[in-house]
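What follows is one structure encoded as structure tokens, with my remarks underneath.
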Amino acid sequence: MKIFIKNRKNQKIAVVIEQPANTRGLAFVAHGLGGFKEQAHIRTMAQAFLDNKYTVVTFDAADTFGESEGNYDDATITN
């Protein structure tokens with residue numbers, strides 16, 4: 001399920017929640033600076049958690065690539 005939420009700067013953030021049957025935990029998988037939620041290594045990590053019955057949350061951070069709002073010129077390691 002894909003949803004859009006707003007961050008503290010009122011920017012739209014794309015979030016994907018994947019929930020297998022009989023969930024036994026929750027995992028957030030975050031990409032690095034300049035990344036996005038559909039990158040192959042992010043999907044590989046997410047799938048490993050799904051295979052072990054974890055609910056997985058992936059998202060596109062603001063000011064990076066992907067579906068979330070923001071400008072990559074404004075991206076920093078800490079935001």
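Give me a count of the residues in region 1-38 that are assigned to a loop (DSSP other than H, G, I, E, B), of a type outside the set (Lys, Arg) and under 21 Å from Asp74 (Cα atoms).
10
Looking at the structure I just gave you, is Glu67 surrounded by 12 or more Cβ atoms within 10 Å (Cβ to Cβ), in contact with a helix residue (DSSP H, G or I) (Cβ under 7 Å, 6 or more places away or on another chain) and not polar (S, T, N, Q)?
Taking the combined requirement at face value, the residue does not satisfy it.
Of all the residues that make up region 36-79, how many are of a type in the set (A, V, I, L, M), over 14 Å from Ile13 (Cβ atoms) and modelled with pLDDT of 95 or more?
So the answer is 7.
Quick check on my filter: what residues within region 49-63 are in contact with an Asp or Glu (Cβ under 8 Å, 6 or more places away or on another chain), of a type in the set (D, E, K, R) and either assigned to a helix (DSSP H, G or I) or surrounded by fewer than 21 Cβ atoms within 10 Å (Cβ to Cβ) (or both)?
Listed by number, the list holds a single entry, Asp63.
Any chance region 3-11 includes a residue that's surrounded by 12 or more Cβ atoms within 10 Å (Cβ to Cβ), within 18 Å of Tyr54 (Cβ to Cβ) and of a type outside the set (A, V, I, L, M, F, W, C)?
Scanning region 3-11 turns up no residue that is surrounded by 12 or more Cβ atoms within 10 Å (Cβ to Cβ), within 18 Å of Tyr54 (Cβ to Cβ) and of a type outside the set (A, V, I, L, M, F, W, C).
Hey, Ala46 hits all of (1) part of a helix (DSSP H, G or I); (2) of a type in the set (Gly, Ala, Ser); (3) surrounded by fewer than 17 Cβ atoms within 10 Å (Cβ to Cβ) but one; which does it fall short on?
Of everything listed in (1) part of a helix (DSSP H, G or I); (2) of a type in the set (Gly, Ala, Ser); (3) surrounded by fewer than 17 Cβ atoms within 10 Å (Cβ to Cβ), Ala46 misses just condition (3).
The values are calculated or read from the model by the stated rules, or taken from the named source; none is laboratory data. Owing to the predicted nature of the structure, the values given are computational and were not obtained by experimental measurement. Methodologically, a virtual Cβ is constructed for each residue, glycine included, from the backbone with ideal geometry; neighbour enumeration extends over all protein chains shown.
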